[in-house]
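Beneath this line is the structure, given in structure tokens, with notes to follow.
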Amino acid sequence: MKETKDHAALAEVFNADEPRVNWHDETLWFIRQKRDKAAHTVADWELLRETASQIKHNVLSNLHDYLLQFEANAKANGIIVHWAADAAEHNRIVHAILQKHKVDRMVKSKSMLTEECHLNEYLEENGIEVIDSDLGERIVQMAKEPPSHIVLPCIHKKKEEIGDLFHEHLGTPAGMADPQVLTEAARQHLRETFLTRRAALTGVNFAVAETGEFVICTNEGNADMGAHLADVHIACMGIEKIIPKREHLGVFLRLLARSATGQPITTYSSHFKKPREGHELHLVLVDNGRSIQLGREDFRNSLKCIRCGACMNTCPVYRRSGGHSYHTAVAGPIGAILAPNLDMKKNADLPFASTLCGSCSNVCPVKIDIHDQLYKWRQVIVKEGYADTKKTLGMKAMTQAFASPATFQLAGKAGRWFMRNVPFAVNNKLNPWYKQREMPAPPKESFGEWYLKNRKKRDE
Ligand code: SF4
């Protein structure tokens, strides 16, 4: 695949399988509807969203102080705290901890941060085997694919495809696609993994500054199984995951599960405060571009994100183009405003992968103005010269035409003539707009011509 990936081209690959697109679209819409129902069971839902947004606003405004407070309390609890400026440093820190303990096999629960840092690839290159223990993550790991959704990593896969993967990797009968049988096979496989790994890595959903503890939310209990059975627990978090007080968890836990899957609460919300006796608990705090985003006034609110995935489930573009078309660890609307911060050139296409309908901002539990930021990123990308060349030239030509009535009239006339006499000049492979559209019949005259003629008639 070429170095600079393009959302539209990747979406076309996904779109080639129409039944998959329809089923992907309907499944995610079903989850969006579950979210709506769950939200309506909370009388003060909007107040809850506003409160969460304000708490996160406070965190972002005082991030430095909260981080230091968290570090001091975590250390006092016996947690070994590390700081990583970027993905490379994060990966080196995790590797060094594993080396220190002579561990070459690790179990890992879901962590989008480690996806962002490409930790699995790094560790595998260094001879360390990593088994993902979240079922969806394990499935995409077997398929050698990245997750396509932050909450539902293998939402793009059909059960028959999962059956084929399990047959190949876990020895289930060929053609077996019964979810219950497949889940049982995964359970046995992961049980053996949990029991034999001496190191476990987890993500972090919330880190509480006042207590130095952190909370991990899962539905499968896999983070707990890994962390409790291993001698070494490494937890990795982006620096924006801080919340000031434990009492704030009541706000975020109620919002997270309802927004993500329509559940009142995740099955497991586990608190980790200190290592068990004789065990080690490490925490890696990672920046990787977050402080740069914090300094971008128009985009700093994106750091309020609690990774619920609601903006993906509701997005008409995400639902019909699939997560892999975003070619970045976090897909969908939120990914499209986070990724250009990390690499504006490589991710210049992503803010354009949106209808700007605003549905993402409407469902976001922490009230991030996602669609406004998408629009603002477009302006930054064009200004910085990273926009698609064809589009830029087209826009320049349009600007010229709209700036001069004579050019506008002439262009309209020429366009109508071409559409009538040489339609393939407009409707061809170079014009993606017509790939799924019928060309409309060209009007006989422009509105301007019609108006002049009819006004003249009326005046006569
Ligand atoms: S931007 Fe909002 S809706 Fe999207 S994942 Fe983050 S918190 Fe959820």
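Can you tell me how many residues in the range 40-69 are loosely packed, with under 15 Cβ neighbours inside 10 Å and of a type outside the set (S, T, N, Q)? Break it down into steps so the answer makes sense when it comes.
Just the residues of the range 40-69 that are loosely packed, with under 15 Cβ neighbours inside 10 Å, to begin with: 40-41, 43-44, 46-47, 50, 54, 58, 61-62, 64-65, 68.
Among the residues that remain, those that are also of a type outside the set (S, T, N, Q) are: 40, 43-44, 46-47, 50, 64-65, 68.
Adding up the residues that qualify gives 9.
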Among (1) in a helix (DSSP H, G or I); (2) open to solvent by 20 Å² or more (accessible area, probe 1.4 Å), where does residue 194 come up short? (2)
Expected output for the range 397-413 (first residue more than 20 Å from residue 444 (Cβ to Cβ), partner exposed (fewer than 14 other Cβ atoms within 10 Å of the Cβ), Cβ below 6 Å, 6+ apart or cross-chain) is 401/407
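So is residue 52 over 14 Å from residue 242 (Cβ atoms) and not β-branched (Val, Ile, Thr) or not? Don't jump to the end; show me each part of the working.
Values: over 14 Å from residue 242 (Cβ atoms): no; not β-branched (Val, Ile, Thr): yes.
No, not satisfied.
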Of the residues in the range 20-38, those that are touching a Lys or Arg at 6+ places or on another chain (Cβ under 6 Å) and open to solvent by less than 20 Å² (accessible area, probe 1.4 Å) come to 21, 28, 38
Please give the number of the condition residue 19 fails out of (1) assigned by TED's automatic domain parsing to the domain that holds residue 310; (2) touching a residue at least 40 places away in the same chain (Cβ under 8 Å). (2)
Of (1) outside any loop (DSSP other than H, G, I, E, B); (2) hydrophobic (A, V, I, L, M, F, W, C); (3) open to solvent by 70 Å² or more (accessible area, probe 1.4 Å), residue 430 satisfies every one except (1)
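When only residues in the range 228-256 that are assigned to a helix (DSSP H, G or I) and in contact (Cβ under 8 Å) with a residue 60 or more places away in the chain count, which is surrounded by the most Cβ atoms within 10 Å (Cβ to Cβ)? First the steps, then the outcome.
Quick first cut of the range 228-256, residues assigned to a helix (DSSP H, G or I) only: 228-229, 239-241, 246-256.
Checking which are in contact (Cβ under 8 Å) with a residue 60 or more places away in the chain leaves us with 239-240, 248, 251-252, 254-256.
Values: 239: 22, 240: 23, 248: 20, 251: 21, 252: 24, 254: 18, 255: 23, 256: 27.
Among them, the one singled out is 256.
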Helices (runs of 4 or more DSSP H) (entirely within the range 272-339) containing at least 1 residues that are within 10 Å of the ligand (Cβ to nearest atom) and open to solvent by 10 Å² or more (accessible area, probe 1.4 Å): 310-314
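Every residue in the range 381-426 that is part of a helix (DSSP H, G or I), of a type in the set (Gly, Ala, Ser) and over 23 Å from residue 439 (Cα atoms), please.
Within the range 381-426, the first condition is being part of a helix (DSSP H, G or I), and the residues that meet it are 381-383, 389-403, 405-421, 423-425.
Those left that are additionally of a type in the set (Gly, Ala, Ser): 394, 397, 401, 403, 406, 411-412, 414-415, 425.
Across the range 381-426, the qualifying residues are 403, 406.
Within the range 35-54, can one find any residue that is in contact with a His (Cβ under 7 Å, 6 or more places away or on another chain) and either at pLDDT below 95 or within 25 Å of residue 316 (Cα to Cα) (or both)? Write out each step before concluding.
Looking only at the range 35-54, we keep the residues that are in contact with a His (Cβ under 7 Å, 6 or more places away or on another chain), and these are none.
Checked the range 35-54: no residue is in contact with a His (Cβ under 7 Å, 6 or more places away or on another chain) and either at pLDDT below 95 or within 25 Å of residue 316 (Cα to Cα) (or both).
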Contact list, first residue from the range 290-309 and basic (Lys, Arg), second anywhere and open to solvent by 40 Å² or more (accessible area, probe 1.4 Å) and within 13 Å of the ligand (Cβ to nearest atom), beta-carbon distance below 8 Å, six or more apart or interchain, is 304/367
Odd one out for residue 349, checked against (1) within 15 Å of the ligand (Cβ to nearest atom); (2) surrounded by 24 or more Cβ atoms within 10 Å (Cβ to Cβ): (1)
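Please pick out the residue among 44, 104 that is in contact (Cβ under 8 Å) with a residue 12 or more places away in the chain and among the acidic types (Asp, Glu). Show your work before the answer.
Working: 44 fails: in contact (Cβ under 8 Å) with a residue 12 or more places away in the chain.
Among 44, 104, only 104 is in contact (Cβ under 8 Å) with a residue 12 or more places away in the chain and among the acidic types (Asp, Glu).
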Pull up the range 359-410, narrow it to residues that are surrounded by 13 or more Cβ atoms within 10 Å (Cβ to Cβ), more than 14 Å from the ligand (Cβ to nearest atom) and among the basic types (Lys, Arg), then point me to the one that is farthest from residue 55 (Cα to Cα). 378
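The values are calculated or read from the model by the stated rules, or taken from the named source; none is laboratory data. The shown structure was predicted, so the numbers you read here are calculated from the model rather than taken from an experiment. Cβ coordinates were reconstructed from backbone atoms using ideal geometry, including for glycine residues, and neighbour counts include every protein chain displayed. Note: areas computed on protein heavy atoms with side chains; ligands, DNA, RNA excluded. Shrake-Rupley method; radii C 1.70, N 1.55, O 1.52, S 1.80 Å.
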